[in-house]
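Have a look at the structure below, then the notes.
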Amino acid sequence: MITGAGYLDSHCHLQKRHLSSIIDDIMVRARSAGVARIFCNTTREEDWQAVVDLAARGHEVIPFLGIHPWFAETAVAGWEDRLMSLLQKVPAGIGETGLDKCCRADFGRQQQIFLTQLKMASELQRPLVIHCVKAWGRLLEILEQFADPLPPIMIHSFAGSRETLQRLIRLGCFISFSGRLTAAGKVHPCFSETPMTNLLLETDSHGQPLVGGAMDGARTTDEPAAITMLYELAATMREMDLNEFRHQIWKNGEIFTDTIVPR
Ligand SMILES: [Zn+2]
């Protein structure tokens with residue numbers, strides 16, 4: 001039984017066009033599983049309005065607007081001003097943004113786009129969602145040398161080293177773990193070493209169709225309702241009562257989004 005606050009899915013992308021015909025079902029399943037808050041992230045300007053619209057339809061969805069490093073080159077002149085004016089109208093975080101050395105987008109361009117969003121988040125004190133793949137050195141350098149106050153930061157689907165983790169924690173970042181936690185590997189020690197007050201959990205749900213077949217019209221393999229399994233696993237790994245664990249993650253999410261979601 002769910003008591004108190006519900007489950008939080010701290011990162012997903014429900015605006016994907018192929019989900020539009022089943023989004024209502026996805027939300028119904030999320031609600032009946034007890035998922036009461038979902039941080040939904042854009043990847044490029046084309047997505048911004050769709051995420052704003054989703055958030056307007058259901059109070060569970062908290063919008064994050066930004067440009068993902070994979071799509072750095074889709075950023076066209078004036079994007080910063082358009083993002084800024086949207087952020088002034090909508091209580092939204094910024095994301096997903098970041099740095100990724102394993103994608104095709106020019107790394108210089110990625111850094112420009114990321115820095116602009118970091119500065120915007122700092123100026124407005126909006127929560128910022130960071131994606132980082134094989135660019136930890138540069139990311140840490142940017143964050144550690146940042147002259148202005150850092151915004152609230154979440155590192156999504158963390159898969160870095162233990163040393164990186166410690167430096168991010170010293171900077172006050174929230175560390176979000178995804179379904180990678182279900183596979184043994186280097187994520188496990190990092191998960192165990194993340195203080196409970198910095199921890200978040202996510203599906204990173206992109207609504208992939210069921211493996212080996214077309215969408216059956218309803219089910220997707222990863223969607224916010226599936227987060228409950230991750231919480232059960234995570235609470236067991238931390239040797240904590242599930243309710244107590246879930247309350248702490250909920251609280252962390254509230255602290256992360258303090259400037260955009262009234263408590
Ligand atoms: Zn994502």
Here are some residues: D47, D9, D53. Which one is over 21 Å from S178 (Cα atoms), acidic (D, E), within 12 Å of the ligand (Cβ to nearest atom) and out of contact with any Gly (no Cβ under 8 Å at 6 or more places or on another chain)?
D47
Somewhere in the range 15-31, is a residue at pLDDT below 95, touching a Cys at 6+ places or on another chain (Cβ under 9 Å) and within 16 Å of the ligand (Cβ to nearest atom)?
yes
Give me the residue from the range 32-44 that is within 16 Å of the ligand (Cβ to nearest atom) and not basic (K, R) and, out of that set, surrounded by the fewest Cβ atoms within 10 Å (Cβ to Cβ).
T43
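Scan S122, S161 and give me the residue that is in contact (Cβ under 8 Å) with a residue 24 or more places away in the chain, among the hydroxyl-bearing types (S, T, Y) and in contact with a strand residue (DSSP E or B) (Cβ under 9 Å, 6 or more places away or on another chain). Lay out the reasoning, then the answer.
On the way: S161 fails: in contact with a strand residue (DSSP E or B) (Cβ under 9 Å, 6 or more places away or on another chain).
Exactly one residue qualifies, and that residue is S122.
Can you find a residue that is within 19 Å of P262 (Cα to Cα) and more than 15 Å from the ligand (Cβ to nearest atom) anywhere in the range 65-73?
No, every residue in the range 65-73 fails to be within 19 Å of P262 (Cα to Cα) and more than 15 Å from the ligand (Cβ to nearest atom).
The values are calculated or read from the model by the stated rules, or taken from the named source; none is laboratory data. All figures in this text were calculated on a predicted structure; none of them were measured in a lab. A quick note on method: Cβ atoms are made from the backbone with ideal geometry, for glycine too, and the neighbour counts reach across all protein chains shown.
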